[in-house]
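First up is the structure itself, then whatever we jot down about it.
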Amino acid sequence: MSRRAPTQFPFGHLTADAGASADPVLVEIVQGSLASVEMEVETAIGRTSRSPMIRDAHDFRAGIHDRLLRKLTGRSYSALVHPVARDFPIEEMREGDVFFHNDVYRSEGGIGHLPDLCVTVPVFAGPDGARRVVAFVQAFGHHDDIGGAVPGSMPSHATSVFEEGLMVPPIRLWDAGVPNRAALAIMTRNSRMPDSLAADLDAECSACLMGARRLGELFDRYGVATVESCFDAIITRTTETYRREILAKIPVGTWVWEDYAEHDGVDDPRLHAQRITLTRTAADDPGGERLVLDFDGTSPQAKGPINHCGDYSDGVFLKKWLAPILRNLADTPERMAELDVNEGVVPLIEMRFPEPGTLLTPVFPAPTNARTFVILRLLGVLAGVVAKAVDGRMPADQETIRYTGVYGEDRDGRPYLMREVLGGGSGGRYYADGEDTIHVVPDSRNLPTEFTEARFPFRVESLSLAVDSGGAGQFRGGLGYEKHVRMLEDAHFMSIADRSILACWGVRGGRAGKPFQVTIDPGGPAEREIDALADAEPVKAGEVIRIRTTGGGGWGDPLERSPELVVRDVRWHKVSPEAALADYGVVLTGALEGDSLSYDEAATRAERDSRPAPDEAFFDRGPGYARLADGAPHAEVDLLRRVRDEGLSS
């Protein structure tokens, strides 16, 4: 039986009329000011931090929350203020305070693994002598090292969170403007990269304090009551927009789908299920018009570090994490880009969690450092179950984050650590191909070659698109990266990646993309393929590391793709000539050289007509699924039908 996790911070409003009386012009001014402050905080962090992960890869986020802990800005996800307010009463906070935490199990679901460090600063406003907390500015990001069993604090074979690094529950890191030097010393002493960590924390604290001053100026200019009314209006508008433009696209009913992580780093590869039963309620439902996401059927908690603590504070972090997927139901791509995801989506989503002891409800001290295997997969599970409800008008799958890197000593004997978050191709859509090499974290990027070659003992010999990695379809999946790195000194390679067996799925006749793959010394005498979960694979000086990231799944039958587009893709080296025939049934003529490449229309038609009818499954998971499913070509939930059509309760 599913349960809902309780929260001591229920959704509410600041004003009696939920912002209905706010001046609409002023609402736009306040919303623009919030976005500007958020961007200024992120810019300051990016310019003053030191670690490659924060400064160059931009794997961090800022967020602004009101005094009810509601997220106001919608450009990206952020952590939660809930754990800070739980442990430090708001009325006891002082100007200049900076709070810090990274403890996964004390974060109310807002922190997924220990390298994600979170800084929170309260904003004060009001008349002298009566100033009070009116909002919060927060930043959190992935840092290079916070201790633990391996460099980078992400041991792929961890069986306990105690192997993953230093755990810090919410603490007051700065007290009324005075830094807690003892706490900072403890944190940096536990890091293999103390200087980078110290600089990053200084950058994040200073940027959030600056953001708090900027927000304070907004309250001083317009008054606390007026600005808070605008906050309510911003949240309410999001709720009504999603109800009108998004929920209306999903018919009333119940559907179920699941997808899988393939490996937990400890046990042999197998299917670790994440299941969503989606119910879209009617307007006259006693609980109101909403989406109910029931995770019952999710696999038991893993021995290894792929667990994610989702069942805290009523799943409020998970609601905002998953909600961007729903934007794909917007009328146009342009409208999709305009839709913010702030606290306004929370009343429209109800989450029901299994009892403790599953991948989404792990019990302390279960390890969590590779929790991306679960929370990224859940994005795809939601996309898939909604696709069943709307005849496939959702994107195919994507896997756009994994951690790879090398560590060792440089030529001068100094230790180094290089971590990189490489993206992958996004899924094809019902109106367009997927995008190439995207990153799930907005504004994040691969590390610049010039920087890495100057700082680390290796040479980037090539960085390109991985040919044929995008799943075939009427609309092709986006391509992943192919990167070749030649080591100049002996080193160790590390990887925290999924989708090396189970590919990104295609939908509505589209085919799965190509999986993740790492090969060391390709074509050489010591050629070997490396497991996607690796902590310390030795690499000799002179050997090349070839990394190929995932391609997105395809959308629609590839035999319905325009042959002209297939020819174009071959010209652009996105699809090979062999795949043009094998995957798309296009018979090419001419040659790439001399720009004579074309296709034989009659032969292409005959080739396509000779192909067998497509499989009855609505989803294609690629050949890796059969390997882990005892030869089954697809899962029972891959067939297109509602739960109530299967004889189950709706």
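The values are calculated or read from the model by the stated rules, or taken from the named source; none is laboratory data. From a predicted model like this one, the values you see are computed outputs, not experimental measurements. Note that each Cβ is placed from the backbone with ideal geometry, even for glycine, and that neighbours are counted across all protein chains shown. The accessibility values were calculated without ligands, DNA or RNA, using every heavy atom of the protein model including side chains. Shrake-Rupley method; radii C 1.70, N 1.55, O 1.52, S 1.80 Å.
Of everything in the range 512-533 that's assigned to a loop (DSSP other than H, G, I, E, B) and in contact with a Phe, Trp or Tyr (Cβ under 9 Å, 6 or more places away or on another chain), which residue is farthest from V390 (Cα to Cα)?
If we filter the range 512-533 for residues that are assigned to a loop (DSSP other than H, G, I, E, B), which is where we start, we get 512-516, 521-527, 531-532.
In the following step, the residues that additionally are in contact with a Phe, Trp or Tyr (Cβ under 9 Å, 6 or more places away or on another chain) were identified as 512-513, 532.
Numbers: A512: 20, G513: 22, A532: 34 Å.
If we take residues in the range 512-533 being assigned to a loop (DSSP other than H, G, I, E, B) and in contact with a Phe, Trp or Tyr (Cβ under 9 Å, 6 or more places away or on another chain), then A532 is farthest from V390 (Cα to Cα).
Quick one: in the range 625-642, of everything that is touching a Gly at 6+ places or on another chain (Cβ under 9 Å) and assigned to a loop (DSSP other than H, G, I, E, B), which residue is modelled with the lowest pLDDT? Among residues in the range 625-642 that are touching a Gly at 6+ places or on another chain (Cβ under 9 Å) and assigned to a loop (DSSP other than H, G, I, E, B), the one modelled with the lowest pLDDT is R642.
Those residues that are in a loop (DSSP other than H, G, I, E, B), closer than 14 Å to I401 by Cβ and not acidic (D, E), I need them from the range 424-446; list them, please. Full working, then the answer.
First pass over the range 424-446, keeping only residues in a loop (DSSP other than H, G, I, E, B): 425-428, 430-431, 433-437, 439-446.
Among the residues that remain, those that are also closer than 14 Å to I401 by Cβ are: 425-426, 437, 439-446.
Within the range 424-446, G425, S426, T437, H439, V440, V441, P442, S444, R445, N446 meet the criteria.
Note on the range 142-172: residues that are part of a strand (DSSP E or B) and buried (at least 21 other Cβ atoms within 10 Å of the Cβ) total 1. Within the range 181-206, the set of residues being outside any helix (DSSP H, G or I) and of a type in the set (A, V, I, L, M, F, W, C) comprises just one member, M193.
The one condition from (1) over 22 Å from M167 (Cβ atoms); (2) within 17 Å of the chain's Cα centre (by Cα); (3) open to solvent by 10 Å² or more (accessible area, probe 1.4 Å); (4) not β-branched (V, I, T) that E334 does not meet is (2). Taking each residue of the range 460-471 that is farther than 21 Å from G428 by Cβ and free of Cβ contacts under 8 Å to residues at least 40 places away in the same chain and looking for partners that are aliphatic (A, V, I, L, M) and surrounded by 19 or more Cβ atoms within 10 Å (Cβ to Cβ) with beta-carbon atoms closer than 7 Å, six or more apart or interchain, yields V460/V485. If you go through the range 376-399 and keep only what is closer than 19 Å to P300 by Cα and open to solvent by less than 10 Å² (accessible area, probe 1.4 Å), you end up with R377, L378, V381. Of the strands (runs of 3 or more DSSP E) lying entirely inside the range 251-294, those containing at least 3 residues that are over 22 Å from the mean Cα position of the chain (by Cα) span 253-261. Annotation: D645 fulfils all but one of (1) out of contact with any helix residue (DSSP H, G or I) (no Cβ under 9 Å at 6 or more places or on another chain); (2) within 18 Å of W257 (Cα to Cα); (3) at pLDDT below 95; (4) in a loop (DSSP other than H, G, I, E, B); the unmet one is (4).
Cβ-Cβ distances below 9 Å connect no pair with a first residue in the range 22-40 that is modelled with pLDDT of 95 or more and aromatic (F, W, Y), a second residue that is open to solvent by 10 Å² or more (accessible area, probe 1.4 Å) and part of a helix (DSSP H, G or I), and a separation of six or more residues or different chains. Restricting attention to the range 566-624, the residues that are open to solvent by 60 Å² or more (accessible area, probe 1.4 Å), closer than 23 Å to Q398 by Cβ and in a loop (DSSP other than H, G, I, E, B) add up to 5. Every listed requirement among (1) touching a Lys or Arg at 6+ places or on another chain (Cβ under 8 Å); (2) among the aliphatic types (A, V, I, L, M); (3) more than 28 Å from D443 (Cα to Cα); (4) open to solvent by less than 20 Å² (accessible area, probe 1.4 Å) is met by A139 save one, (3). When you go through (1) open to solvent by 10 Å² or more (accessible area, probe 1.4 Å); (2) out of contact with any Phe, Trp or Tyr (no Cβ under 8 Å at 6 or more places or on another chain); (3) of a type outside the set (K, R) one by one for E108, which number turns out not to apply? Unmet for E108, out of (1) open to solvent by 10 Å² or more (accessible area, probe 1.4 Å); (2) out of contact with any Phe, Trp or Tyr (no Cβ under 8 Å at 6 or more places or on another chain); (3) of a type outside the set (K, R): (2).
Somewhere in the range 521-537, is a residue of a type in the set (G, A, S), under 20 Å from the mean Cα position of the chain (by Cα) and closer than 28 Å to D412 by Cα? Break it down into steps so the answer makes sense when it comes.
If we filter the range 521-537 for residues that are of a type in the set (G, A, S), which is where we start, we get 523-524, 526, 532, 534, 536.
Those left that are additionally under 20 Å from the mean Cα position of the chain (by Cα): 532.
Restricting the remaining residues to those that are closer than 28 Å to D412 by Cα gives none.
No, every residue in the range 521-537 fails to be of a type in the set (G, A, S), under 20 Å from the mean Cα position of the chain (by Cα) and closer than 28 Å to D412 by Cα.
One line per residue, one yes/no per condition, for (1) under 26 Å from R511 (Cβ atoms); (2) out of contact with any strand residue (DSSP E or B) (no Cβ under 6 Å at 6 or more places or on another chain); (3) hydrophobic (A, V, I, L, M, F, W, C):
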site	(1), (2), (3)
E435	yes, yes, no
I438	yes, yes, yes
F451	no, yes, yes
F458	no, no, yes
E461	no, no, no
S464	yes, no, no
G477	yes, yes, no
Y481	yes, yes, no
M487	no, no, yes
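Out of all the residues in the range 303-311, is one or more modelled with pLDDT of 95 or more and not in a loop (DSSP other than H, G, I, E, B)? So far as the range 303-311 goes, no, none of its residues is modelled with pLDDT of 95 or more and not in a loop (DSSP other than H, G, I, E, B). Scanning the range 56-72 for residues that are farther than 22 Å from V168 by Cβ and either open to solvent by 10 Å² or more (accessible area, probe 1.4 Å) or modelled with pLDDT of 95 or more (or both) yields D56, H58, I64, D66, R67, L68, R70, K71, L72.
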